[in-house]
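Below is one structure; the comments refer to it alone.
The values are calculated or read from the model by the stated rules, or taken from the named source; none is laboratory data. These figures come from a predicted structure and were not determined experimentally. In this analysis, Cβ positions are derived from the backbone assuming ideal geometry, glycine residues included, and neighbour counts consider all displayed protein chains. All accessible areas refer to the heavy atoms of the entire protein, side chains included, with ligands and DNA or RNA removed. Shrake-Rupley method; radii C 1.70, N 1.55, O 1.52, S 1.80 Å.
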Amino acid sequence: DSGVTQTPKHLITATGQRVTLRCSPRSGDLSVYWYQQSLDQGLQFLIQYYNGEERAKGNILERFSAQQFPDLHSELNLSSLELGDSALYFCASSLRGGGYEQYFGPGTRLTVT
Amino acid sequence: TQLLEQSPQFLSIQEGENLTVYCNSSSVFSSLQWYRQEPGEGPVLLVTVVTGGEVKKLKRLTFQFGDARKDSSLHITAAQPGDTGLYLCAGARATGKLIFGQGTTLQVKP
């Protein structure tokens, strides 16, 4: 158990819908990262927050957005969902934001039908 | 463009054999991490290497960071079925962004 929690575990929704994925980092960690993992693309970095502020952006679509709240939990919002958005979404956390060890949550499996 | 190339992509061996997985890049990283992932679960951090030429051992696993901090290797001695899984290397940028390799799927048959 990494100490990072993610909810929900599974999510099935239809195209065009909007969903919110939630992540709670390990106690004491200030940085949260979001990743998307699909069979053909591997593990892709989406976005990073550090102590409430956006720190780095990866290949995140404009339909996707994220935020980190004062209690350090984070939410990833996915809107206008397409079939291709079906994937595993992981959250990771680290104490600092400088490329240090990241600890991953169990992931949310999103299926868009 | 895949910044981190892992090889081989797939490896199927018998219990007791040794193996090496390679992770290569043309870029320099501030650190390099190795993860192991089971199907449907999140990657689990195995080790972080920071210094060029660094070697770290974790029981039967030996990790090495290249002198120029562009490449790394994972060597497993006397592989066991419990070692089966997806092994991922990830290079860290100073911003915290991790660049992942495509992974090596290891199957160890009893």
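So the values come out like this:
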| quantity | calculated |
| --- | --- |
| Integer Hz, Karplus 6.51/-1.76/1.60 couplings in order for the range B:31-42, x for Gly and Pro | 7, 9, 10, 10, 10, 10, 10, 8, x, x, 10, x |
| For the range B:49-59, Karplus couplings with θ = phi - 60° (6.51, -1.76, 1.60), whole Hz, Gly/Pro x | 10, 10, 9, x, x, 5, 10, 10, 10, 10, 6 |
| Residues of the range B:79-110 buried by at least 40 Å² on assembly (accessible area, 1.4 Å probe, chain alone as reference) | B:Thr95, B:Gly96, B:Lys97, B:Leu98, B:Phe100, B:Gln102 |
| Accessible area per residue in Å² at 1.4 Å probe, computed on chain A | 48 |
| Simple label model, 7 Å out from Cα along Cβ direction - B:Ser26 to B:Ser12, nm | 3.4 |
| Accessible surface of the protein assembly as shown, 1.4 Å probe, proportion on carbon and sulfur as whole % | 49 |
| Accessible area in square angstrom per residue, chain B, 1.4 angstrom probe | 47 |
| Neighbourhood net charge (10 Å Cβ-Cβ; Lys/Arg +1, Asp/Glu -1) for A:Gln68 | -3 |
| For the protein assembly as shown: lysine pairs under 25 Å (alpha-carbon distance), excluding those fewer than 8 apart on one chain | 11 |
| Nearest-20 debye value, chain A charge dipole, Cβ charges on Lys, Arg, Asp, Glu | 100 |
| Where GluC sites (Glu not before Pro) in DSSP loops with at most 13 other Cβ within 10 Å are excluded, longest remaining stretch of chain A | A:1-61 |
| Buried accessible area, chains A and B (both chains, 1.4 Å probe, Å² to nearest 100) | 1500 |
| FRET efficiency estimate (nearest 0.05) - Cβ-Cβ, A:Glu101 to B:Thr77, R0 25 angstrom | 0.55 |
| Estimated inter-spin distance, A:Glu82 and A:Glu54, nm [label 7 Å along Cα→Cβ] | 2.0 |
| Net length gained if the chain between A:Arg63 and A:Thr15 were fully extended (0.36 nm per residue, minus Cα distance) | 16.0 nm |
